[in-house]
Amino acid sequence: MASENLNDLLAFITVAREGSFTRAAAQLGVSQSALSHTMRGLEARVGLRLLNRSTRSVSPTQAGERLLRTIGPRLDEIGFELAALSELRDKPAGIVRITATEHSANTVLWPKLSKELLAYPDIRVEITTDSRYIDIVAERYDAGVRLGGEEVAKDMVAVRIAPDMRVAVVGSPGYFEKRPPPKTPHDLAEHNCINLRSLTSGGLYAWEFEKNGNELNVHVEGQWIFSSTAPMLEAALAGYGLAYIPEDVVAPYIAGKRLQRVLKDWSPIFPGYHLYYPARHPSPALDLVVKILRHKSGGKT
């Protein structure tokens, strides 16, 4: 059926239900003369009179009543289905791929997203843990996570998703039975330290310290080198040496006296995690993820 026939039928149903060309024209957004012309054209095509017209009212004929009774509900169903499709289009759906560090994935992404996305089963989230700085466009990610938001490219949007953070130097009580705790970062040269290798540069991360405006980057030595936080924590708990680990990760072990913190007064504050993504308008799914992850206050830890 041609699309104009559907439009003519919709116009007829509206006139028959309203009983007025004036009200029907206003509802359809057309002039009364145009609507009258449409009705005459429809009656000419079907070869039957569909409407009884008088100066005061409009009512369907017998043929018009039959058409109203049979076609009206079907057109209503079409309208309902089109409305449902519109709702589906606006409902967030699809896959969101995020590259993040292991720490940010465990402490920010999963805790926040897992609570909210149960209500959005059509959204799929893929989180890849990687400590490298990744070109998210080239590697087909929708977003990435890194500390701070100032170093992202100019064509990226950076949104804070976590408060500022600190890193703690910790060791087990058993380790400190053999060696005295360091008093300054320079004392780390006398300690067995658990290192973290950068997958981006291939080098070992320097341990960063700050006190009274004095900043120090210390390159430490030790028996063990890892590429993620989890095995560093296990090595520290096992007494293999000192580890430089985010404060929130080791806090429960410090409270439980399984780890002892040192050099606390040298612990610097790092800008919190930010989610970054291309400045072009995000998909509804990514837009929802951003809203869920956005940090609600600017407070520091």
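Looking at the square roots a ≥ b ≥ c of the eigenvalues of the Cα gyration tensor of region 1-64, which shape do they give, rounded for a/c under 1.5, prolate if a/b is larger than b/c, or oblate? Since a/c reaches 1.5 but b/c is at least a/b, the shape of region 1-64 is classed as oblate. Inter-label distance, residue 26 to residue 56: 2.0 nm, where each label sits 7 Å from its Cα along the C-beta direction.
How much FRET efficiency would the formula 1/(1 + (r/R0)^6) give for residue 44 and residue 91, where r is the Cβ-Cβ distance and R0 is 30 Å, rounded to 0.05? It comes out at approximately 0.10. So the label point goes 7 Å from the Cα of residue 71 along Cα→C-beta, right? Which residues of region 27-53 then have their backbone N under 13 Å from it? Hits in region 27-53 for residue 71 at 13 Å: 38-51.
Highest mean first, what order results for 27-38, 70-81 on Cβ atoms within 10 Å? Walk me through the intermediate numbers first.
Details: 27-38: 13.8, 70-81: 11.8.
Those peptides, ordered most packed to least, come out 27-38, 70-81.
The trypsin sites (Lys or Arg not before Pro) of region 232-286 that DSSP puts in a loop, and whose beta carbon has at most 12 other beta carbons within 10 Å, are 257, 280. With R₀ set to 41 Å, the beta-carbon distance separating residue 129 from residue 82 gives a calculated FRET efficiency near 0.45.
Region 12-41 and region 223-279 have Cα centres lying 73 Å from one another. Working from Cα pairs under 8 Å separated by at least six residues, relative contact order for the chain is 22 percent.
Can you classify region 24-151 as rounded, prolate or oblate using the Cα gyration tensor, where a ≥ b ≥ c are the square roots of its eigenvalues, rounded means a/c under 1.5, and otherwise it's prolate if a/b beats b/c and oblate if not? It comes out prolate by the Cα gyration axes. Peptides 42-52, 225-235 ranked from most to least packed, by the mean per-residue count of other Cβ atoms within 10 Å: 225-235, 42-52. Note on residue 183: lysines with a C-alpha under 16 Å away, same-chain residues under 8 apart excluded, are 211, 264. If the chain linking residue 7 and residue 36 were pulled fully straight, counting 0.36 nm for each residue of separation and taking away their Cα-Cα distance, it would gain 9.1 nm. Here region 110-131 is scanned for amide nitrogen atoms under 17 Å from the site 7 Å beyond the Cα of residue 199 along Cα-to-Cβ, giving 110, 126-131.
Pairwise inverse Cα distances across region 165-270, averaged and inverted, put the Kirkwood hydrodynamic radius at 13.7 Å. Among the GluC sites (Glu not before Pro) in region 94-201, those placed in a DSSP loop whose Cβ has at most 11 other Cβ atoms within 10 Å are 150, 177.
Obtain the nm distance between the two label points defined at residue 178 and residue 257 by a simple spin-label model: each point lies 7 Å from its Cα along the Cα-to-C-beta direction. Taking the two extended label points, one gets 2.2 nm.
Between the labelled values (i) 106, 37, 31; (ii) 79, 57, 39; (iii) 74, 48, 29, the entry that holds Cα extents along the principal axes in Å as derived from this structure is (i).
FRET efficiency for the pair residue 159 and residue 210, taken as 1/(1 + (r/R0)^6) with r the Cβ-Cβ distance and R0 = 30 Å, rounds to 0.70. Annotation: lysines with alpha-carbon distance below 20 angstrom to residue 178 (same-chain offsets under eight excluded): 257. In straight-distance terms, cross-link reach from residue 296 covers every one of the lysines whose alpha-carbon lies under 18 Å from its own, apart from those fewer than eight places away in the same chain; here that gives 112, 115.
Coordinate-derived values only; no laboratory data. The shown structure was predicted, so the numbers you read here are calculated from the model rather than taken from an experiment. In this analysis, Cβ positions are derived from the backbone assuming ideal geometry, glycine residues included, and neighbour counts consider all displayed protein chains.
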